[in-house]
Amino acid sequence: MTHDRPLAMVTGGSSGIGLELARELAGRGHDVAISGQSGRVHDSAKELEALGVDAYPFQADASTYDGVEAFWTFVADLGRPVEVACLNVGIGVGGAGFADTDLADEFRMIAINCTGLVHTAKRVTHAMLAQGRGRILIVSSISASTPTPYETVYGPTKAFGFSFAESLREELRGSGITVTALLPGATDSEFHANAGMGNTRFGDNSWKNDKRLVGRQGIDALFAGDDHVVGGDEATKQAFLDNRATSEPEKAARQGAQARPAG
Ligand SMILES: NC(=O)c1ccc[n+]([C@@H]2O[C@H](COP(=O)([O-])OP(=O)(O)OC[C@H]3O[C@@H](n4cnc5c(N)ncnc54)[C@H](OP(=O)(O)O)[C@@H]3O)[C@@H](O)[C@H]2O)c1
């Protein structure tokens with residue numbers, strides 16, 4: 001069976017930034033395979049199909065080897081070239097200092113944000129090398145550019161993703177495969193609530209970047225072949241530039257003041 005539309009995949013595409021990336025790709029004529037942890041991935045696929053494309057939902061736990069492998073196998077079994085891969089799934093752990101957060105939660109976050117990222121990227125890289133082309137988007141964070149007190153382990157997982165993306169991009173130069181990092185600033189998804197940060201400034205979504213804007217910027221940068229893009233408004237982009245020129249202790253103090261739990 002032949003397909004007119006290119007195929008894209010988005011991990012964590014059932015809500016938040018991932019769903020916006022999937023929406024953008026659908027709007028640009030891509031069929032989309034999306035993964036999610038909960039059953040709502042099926043509803044999200046229906047939303048995408050309403051945009052006139054085929055959507056392929058898959059429910060799996062991205063914190064386990066088997067869950068990551070199962071989504072990749074699901075995509076590979078579609079039997080089509082994967083033209084775009086958005087490695088987006090990620091969680092946070094915050095709302096308390098490192099002494100009080102749960103080690104199991106942090107190991108789970110590392111499993112999703114780092115181990116799972118490497119796992120999916122390995123499969124995607126091999127598949128795209130075999131087909132001689134492809135575009136990869138790795139969702140990092142502006143947190144990659146600063147220490148993140150009260151999300152003490154989260155920031156380093158995102159710095160891992162950014163550095164990994166830049167290295168992979170260089171290795172794949174000339175292969176027909178591009179790698180782009182998306183670094184969103186604070187964005188109005190369920191992320192901070194899920195990270196246990198309802199008791200911080202990040203508990204309020206009203207001041208954050210619009211996830212639709214972040215999704216559009218990410219996909220624009222992906223198709224432009226940019227090495228990275230900061231997701232969000234002009235102030236967010238400026239904050240990233242400022243971070244690059246600011247000392248680590250100074251940034252740690254500023255970030256800590258913002259993410260410290262109330263009370
Ligand atoms: N929001 C921000 O302020 C912000 C800022 C910078 C970077 N980021 C990054 O952006 C990415 C997306 O975050 P978001 O803001 O869109 O978060 P979100 O609203 O919490 O959405 C997370 C997505 O990942 C899925 N997911 C979570 N745990 C999973 C698991 N164990 N297995 C499979 N799927 C799982 C969720 O599935 P369900 O829908 O089924 O729960 C959902 O689709 C993350 O990598 C995050 O680090 C976010």
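Select from the range 229-244 the residues that are among the small types (Gly, Ala, Ser) and near the ligand (Cβ under 10 Å from one of its atoms) and write down the one among them that is surrounded by the most Cβ atoms within 10 Å (Cβ to Cβ). Can you show your working first?
Here is the first cut: in the range 229-244, the ones among the small types (Gly, Ala, Ser) are 231-232, 235, 239.
Next, only the ones that are near the ligand (Cβ under 10 Å from one of its atoms) stay: 231-232.
Values: Gly231: 29, Gly232: 24.
The selected residue is Gly231.
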Of (1) within 21 Å of Asn113 (Cα to Cα); (2) out of contact with any Gly (no Cβ under 6 Å at 6 or more places or on another chain); (3) touching a residue at least 60 places away in the same chain (Cβ under 8 Å), Val214 satisfies every one except (2)
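Consider Ala62 carefully, then state whether it is aliphatic (A, V, I, L, M), near the ligand (Cβ under 8 Å from one of its atoms) and closer than 26 Å to Leu168 by Cα.
Working: aliphatic (A, V, I, L, M): yes; near the ligand (Cβ under 8 Å from one of its atoms): yes; closer than 26 Å to Leu168 by Cα: yes.
So Ala62 fits the description; yes.
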For the range 245-257, how many residues are of a type in the set (D, E, K, R) and either outside any helix (DSSP H, G or I) or open to solvent by less than 20 Å² (accessible area, probe 1.4 Å) (or both)?
1
How many of the residues making up the range 66-93 are farther than 20 Å from Leu168 by Cβ and away from the ligand (no atom under 12 Å from the Cβ)?
6
Which condition does Ala26 not pass, out of (1) closer than 18 Å to Glu190 by Cβ; (2) open to solvent by less than 10 Å² (accessible area, probe 1.4 Å); (3) part of a helix (DSSP H, G or I), if it passes all the others?
(1)
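Take Phe74 and tell me if it is modelled with pLDDT of 95 or more, part of a helix (DSSP H, G or I), open to solvent by 50 Å² or more (accessible area, probe 1.4 Å) and closer than 18 Å to His30 by Cα. Can you show your working first?
Values: modelled with pLDDT of 95 or more: yes; part of a helix (DSSP H, G or I): yes; open to solvent by 50 Å² or more (accessible area, probe 1.4 Å): yes; closer than 18 Å to His30 by Cα: yes.
Yes: the conditions hold for Phe74.
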Within the range 1-23, track down each residue that is open to solvent by 10 Å² or more (accessible area, probe 1.4 Å) and among the hydrophobic types (A, V, I, L, M, F, W, C).
Met1, Ile17, Leu19
Check on Ala99, modelled with pLDDT of 95 or more and either open to solvent by less than 20 Å² (accessible area, probe 1.4 Å) or part of a loop (DSSP other than H, G, I, E, B) (or both):
yes
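The values are calculated or read from the model by the stated rules, or taken from the named source; none is laboratory data. For clarity, every value in this text was computed on a predicted model and none was experimentally measured. No Cβ is skipped: glycine too gets one built from the backbone with ideal geometry, and neighbour counts run over all protein chains shown. Each accessible area value is taken on the protein alone, full model and side chains, heavy atoms only, with ligands, DNA and RNA left out. Shrake-Rupley method; radii C 1.70, N 1.55, O 1.52, S 1.80 Å.
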